Amino acid sequence: MPGAIYAEGLVKTFGDVRALDGVDLDVPEGSVLGLLGPNGAGKTTAVRVLTTLLQPDSGRAVVAGHDVLKAPVQVRRSIGLSGQFAAVDEYLTGRENLQMVGELYQMSSRSAKARAVELLEQFNLTEAGDRSAKTYSGGMRRRLDLAAALIVRPPVMFMDEPTTGLDPRNRMMLWEVIESLVAGGTTLLLTTQYLEEADRLAHDIAVVDHGKVIARGTADQLKAQTGGERVEVVVHDPALLGTATEILTAFSKGGSTVDKHTRRITVPVAGGAKLLAEVIRELDSRGIEIDDIGLRRPTLDDVFLSLTGHAAEADQAVEGEASEAAKPGASAGAGVGVVGTAGEENK
Amino acid sequence: MAATSAAPKLSDAPVPKGGIVQSVHDSLVMARRNLIRMARIPEMVIFGMIQPVMFVLLFAYVFGGAIGVPGAGGDKTAYREFMMAGIFAQTVTFATAGAGAGIADDMHKGLIDRFRSLPMARGAVLTGRTLADLVQTALVMVVMIVCALIVGWRIHDGLIKALAGLGLLLLLGYAFSWIGALIGLSVRTPEAATSGGLIWLFPLTFLSNAFVPTDSLPTFLQHVADWNPFSATVQACRELFGNQLAPVPSDAWPMQHPAWASLLYSLLIIVIFRTLSVRKYRSAA
């Protein structure tokens with residue numbers, strides 16, 4: 001049985017650009033698919049086709065049991081869409097916005113009104129509910145937009161880069177809302193260029209580039225595909241880089257990568273935290289002073305890099321993960337190092 | 001954690017009724033949205049009223065003394081009575097620009113994707129906007145009528161006929177707002193829709209019987225003016241308001257049966273431009 005969202009061979013061209021170049025998707029009911037890719041990869045086009053906003057040149061798509069081309073109205077009844085830009089009327093109040101959308105979903109004006117009250121409460125907008133949306137902050141608009149998409153509790157939700165442009169606090173808040181939604185059984189297709197976001201929210205991930213799905217699987221599967229854990233060491237004294245590399249290579253599953261400029265050594269390992277402790281003891285006993293050390297599990301950044309040979313929207317990704325920089329073992333602090341490492345590995 | 005029932009989860013959304021009932025309902029919901037917006041941006045409505053009032057005063061006092069009207073003798077107020085139908089008609093056609101700008105503005109915001117992803121009637125976004133513009137046009141008419149009465153315009157053939165004339169004016173305005181809708185859907189910015197909605201209105205409204213008697217025009221332009229849809233409404237109003245002093249100087253069918261011509265022209269414009277606009281709205285990516 002096809003899933004709640006099913007697509008087969010979707011193609012859509014704009015002039016010379018093949019925005020979708022044969023995309024297949026299958027999202028089982030109640031699960032979350034993360035469509036991951038850089039700007040211009042075709043994520044938004046895919047969402048627009050699946051939400052009946054755009055007709056594909058060829059291919060077939062079924063959403064909530066209805067064909068998007070043959071029964072668009074039935075599809076629209078069953079979906080909620082939260083697009084890249086908060087789709088609210090800024091001159092209407094939050095309450096009026098929600099009520100309007102409810103009535104356009106063909107709810108009676110009374111039940112639309114009641115549902116608006118509920119949603120304002122749920123999204124912490126009750127106080128601002130009678131102010132025009134113009135006065136809302138970016139995060140509030142996003143919440144209102146999401147609330148509007150949820151008016152009829154649609155079984156299938158589409159969210160196109162739901163947290164782009166939000167500050168970390170609002171992003172966390174939205175993640176929690178999305179998680180509770182999914183816990184309630186909603187099927188969700190989410191596009192994002194934040195690898196961290198796909199990792200946290202999605203059960204399955206489809207990596208999209210140039211209109212094609214170039215990899216799919218769970219976050220763990222994709223990471224395993226890229227390679228296992230690594231130990232990363234930053235040596236204090238550049239003169240000891242050679243010795244340190246020798247020591248680390250002894251623990252390695254295969255080779256090492258050295259970035260002389262940042263004095264960083266990376267080796268693939270198996271053995272986790274226990275091994276890390278051994279590495280530290282060994283380095284210490286040989287009198288090598290280290291500035292930083294960590295056990296790094298591959299991130300989706302690495303996955304993307306190894307699949308496409310280019311970073312996923314480098315500056316955006318760095319910005320998106322800036323909050324992670326402080327955590328040991330996180331990738332963001334090693335932003336530059338990541339590029340260097342993968343480049344070596346690809347050879 | 002997630003509810004894993006075998007039966008597919010259903011939406012809370014009621015089954016769309018479809019057809020004309022839903023179309024009317026959705027259009028009214030959209031019209032209400034546009035009216036709320038107008039009420040919250042009152043400067044737009046106010047500017048929309050100042051311009052026609054200015055026109056009434058300018059034409060009445062600047063041209064009023066200079067342009068002679070057939071059949072009026074030396075009566076100075078005759079031109080005011082003559083041109084008022086023309087100014088009324090010109091003003092209702094300015095709704096084109098408002099509808100065009102409003103729709104162009106909507107089309108380039110994320111909101112339109114929301115509307116297009118909802119199980120709502122396809123033409124409702126556009127119909128709602130044109131209906132709201134009709135309300136605004138009606139308000140402008142009220143202000144203009146008061147103003148016209150002050151400068152000496154009167155109706156001479158009774159209230160019923162005058163109301164029929166007003167009805168034709170509003171219908172013309174509604175028809176023109178559909179032309180505006182198509183312009184709004186065809187351009188990239190609201191500014192372009194405003195100017196695109198206005199520039200052709202000047203030749204259209206001046207190459208008519210609105211401000212000068214057509215027998216003063218060169219023969220070729222006289223034909224253009226006689227068959228101009230705009231002239232039909234002006235002529236119809238002039239007669240329904242009792243402002244036509246001399247016999248109409250033309251045997252062209254629209255000038256002989258101006259009320260019918262006005263009605264037909266307006267309905268034709270609505271059918272053509274509504275069809276084109278809704279089609280364009282649906283295919284807009």
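Some observations on this one:
- Size of the B/A contact, given as accessible area buried on both chains, probe 1.4 Å, in Å²: 3600 Å²
- As computed over segment A:155-214, the Cα convex hull volume per residue (Å³): 87 Å³
- Cα-derived Rg to Rh of segment A:30-188, Kirkwood definition: 0.96
- Inter-part distance where segment A:14-85 and segment A:231-306 are each reduced to a Cα centre, Å: 43 Å
- Once the Cα gyration tensor of segment A:132-287 is diagonalised, semi-axes √(5λ) in Å: 44, 19, 14
- Largest first, the extents of the alpha carbon coordinates of chain B on the three principal axes equal 91, 36, 36 Å.
- Residue among B:S262, B:S195, B:S177 with the largest mean-square fluctuation in a Gaussian network model of chain B, springs linking Cα atoms under 10 Å: B:S195
- Vicinal HN-Hα couplings computed from phi for segment A:256-269 (Karplus, 6.51 cos²θ - 1.76 cosθ + 1.60; Hz; Gly/Pro x): 8, 10, 10, 10, 5, 4, 9, 6, 10, 10, 10, 10, x, 9
- Counting heavy atoms of the protein chains alone, A:L54 has an accessible area of about 10 Å² for a 1.4 Å probe.
- Set the Cα radius of gyration of segment B:164-285 against 2.2 N^0.38 Å, with N its number of residues, and you get 1.16.
- Residues of segment A:144-158 buried by at least 40 Å² of accessible area upon assembly of all protein chains, compared with the chain on its own (1.4 Å probe): A:V152, A:R153, A:P155.
- Calculated from backbone phi, Karplus (6.51, -1.76, 1.60) coupling profile of segment B:224-235 in Hz, x at Gly/Pro: 4, 5, 5, 9, 4, x, 4, 4, 4, 5, 4, 5
- Structural descriptor for chain B: relative contact order 25 percent, calculated from alpha carbon pairs under 8 angstrom and at least 6 residues apart.
- Phi to ³J(HN,Hα) by Karplus 6.51 cos²θ - 1.76 cosθ + 1.60 over segment A:150-160, Hz, x for Gly, Pro: 9, 3, 9, 6, x, x, 10, 10, 10, 10, 9
- Translational diffusion of segment B:164-221, µm² s⁻¹ [Kirkwood Rh, Cα pairs; Stokes-Einstein; 25 °C; 0.890 mPa s]: 184 µm²/s
- In terms of Cα atoms, the Rg and Dmax of chain A work out to 23.4, 76 Å.
- Comparing each chain alone with all protein chains together (probe 1.4 Å, DNA, RNA and ligands left out), the residues of segment B:15-29 losing at least 20 Å² of accessible area are B:V15, B:P16, B:K17, B:H25, B:V29.
- Span-rule helices in chain A, defined as complete DSSP H runs reaching 18 Å or more along the axis (Cα) with Kyte mean at least -1.0: A:109-122, A:168-183, A:272-285
- For the protein assembly as shown, the alpha carbon convex hull comes to 195 Å³ per residue, rounded to a whole number.
- For A:H236, residues with placed amide H under 5 Å, excluding near neighbours: A:E289, A:I290, A:D291
- Total formal charge among the other residues, if their Cβ is under 10 angstrom from that of B:P190, Lys/Arg +1 and Asp/Glu -1: -2
- Isotropic mean projected area of the C-alpha convex hull, segment A:32-124 (nm²): 7.9 nm²
- Protein accessible area in segment A:33-84, 1.4 Å probe - carbon and sulfur %: 46 percent
- Antiparallel bridge percentage (DSSP; both residues within chain A; nearest 5): 65 percent
- Mean Cα-pair separation over length for chain A, i.e. relative contact order, pairs under 8 Å, 6 or more apart, %: 18 percent
- The residues of chain B expose, per residue, 45 Å² of accessible area to a 1.4 Å probe.
- Surface composition of segment A:117-276: carbon and sulfur make up 52 percent of the accessible area, probe 1.4 Å.
- Unit charges on C-beta of K, R, D, E only; dipole of the protein assembly as shown, Debye: 1940 debye
- Divided by 2.2 N^0.38 Å, where N counts the residues, the Cα radius of gyration of segment B:16-153 comes to 1.37.
- Taking the Cα centre of chain B as origin and assigning +1 to Lys and Arg Cβ atoms and -1 to Asp and Glu Cβ atoms, the resulting dipole is close to 1100 debye.
- Report summary: the helix-based calculation at 222 nm, which adds -39500 (n - 2.57) for every DSSP H run with n ≥ 4 and divides by the residues of chain B, gives -22500 deg cm²/dmol.
- The distance between label points at B:R188 and A:D292 comes to 4.4 nm (points 7 Å beyond Cα on the Cα→Cβ vector).
- Solvent-accessible area of B:C147, all protein chains in place: 20 Å² (probe radius 1.4 Å, heavy atoms, ligands and nucleic acids excluded).
- Heavy-atom accessible area, 1.4 Å probe, ligands and nucleic acids excluded: residues of segment A:165-205 down by at least 20 Å² from chain alone: A:A183, A:G184, A:G185
- Chain B - percent of accessible surface contributed by carbon and sulfur, probe 1.4 Å: 71 percent
- What segment A:140-259 shows is 35 Å² of accessible area per residue, with the surface traced by a 1.4 Å probe over protein heavy atoms.
- Selection from B:F202, A:A61, A:S252 lying farthest towards where the dipole of the protein assembly as shown points positive, charges on Cβ: B:F202
- Exposure of A:D26 as accessible area (Å², to 10), given a probe of 1.4 Å and all protein chains: 80 Å²
- A helix-only calculation puts chain A at -11500 deg cm²/dmol for mean residue ellipticity at 222 nm, using -39500 (n - 2.57) for each DSSP H run of at least four residues, averaged over all residues.
The values are calculated or read from the model by the stated rules, or taken from the named source; none is laboratory data. This is a predicted model, so every value here is computed, not measured. Ideal geometry is used to build each Cβ from the backbone, glycine not excepted, and the neighbour counts take in all protein chains shown. Ligands, DNA and RNA are stripped out before the accessible areas are found, and what is left, the full protein with its side chains, is counted by its heavy atoms. Shrake-Rupley method; radii C 1.70, N 1.55, O 1.52, S 1.80 Å.
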